[in-house]
């Protein structure tokens, strides 16, 4: 095998292993290379933007960019991007974009509950989101919810899955570092003699109570509902079940 043929063969193998699109120099190809090979999410996001604006594989570029943004804790930006640019995508892509939005909204709702200290309701949301599209970022949030409820064995199981690379994004340095931080927090809590009082709320009660708390914080001059709840109202019954 000549050197040139060997290089071409290795390049093809490289693209198959990393699930990269066909070789080229388009913004989308470079974005996937930055995402999967260089592990540079910020560069990938910038290149996905270029691909969308250039009309280069817009369906895939928009979905992939939203996924990377979510992994970088930029879910709100991802939601706005999908809503703003989905009209550039094909009809065939609309259903999958709906699924991306549902996943993003669920993640945001869980975060909102966590800010209220309603970890039981947040846990419900993150469990639902993980069953839909499991990844390391949501697993970290789920783990924190479990730690805050003194459910250490369950939290340890989630951390183990991340550290063993069983979840999408587990190999990202940011995810691994956060998993190690959660493990340290878990071990500190376990060694402490202070345990949280068991919650008397059912999962559904905690979920609804959290909704009421979040809605009550809106000013009287605006809608009583946060924008996120306007968007996800068709899915609330599914989440609270």
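Values in this text are rule-based calculations from the coordinates and carry no lab data. These numbers were taken from a predicted model, which means no experiment stands behind them. Glycine gets a Cβ as well: all are built from the backbone with ideal geometry, and neighbour counts include every protein chain shown.
Tally time: how many residues in the range 134-149 are farther than 17 Å from residue 189 by Cα and assigned to a helix (DSSP H, G or I)?
First pass over the range 134-149, keeping only residues farther than 17 Å from residue 189 by Cα: 134-139.
Now restrict to residues that are assigned to a helix (DSSP H, G or I): 136-139.
So the answer is 4.
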When residue 115 is run through (1) surrounded by fewer than 19 Cβ atoms within 10 Å (Cβ to Cβ); (2) in contact with a strand residue (DSSP E or B) (Cβ under 8 Å, 6 or more places away or on another chain), the failure sits at (2)
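Could you say which residue among 73, 103, 98 is surrounded by fewer than 19 Cβ atoms within 10 Å (Cβ to Cβ) and closer than 14 Å to residue 137 by Cβ?
Numbers: 103 fails: surrounded by fewer than 19 Cβ atoms within 10 Å (Cβ to Cβ); 98 fails: closer than 14 Å to residue 137 by Cβ.
The match here is 73.
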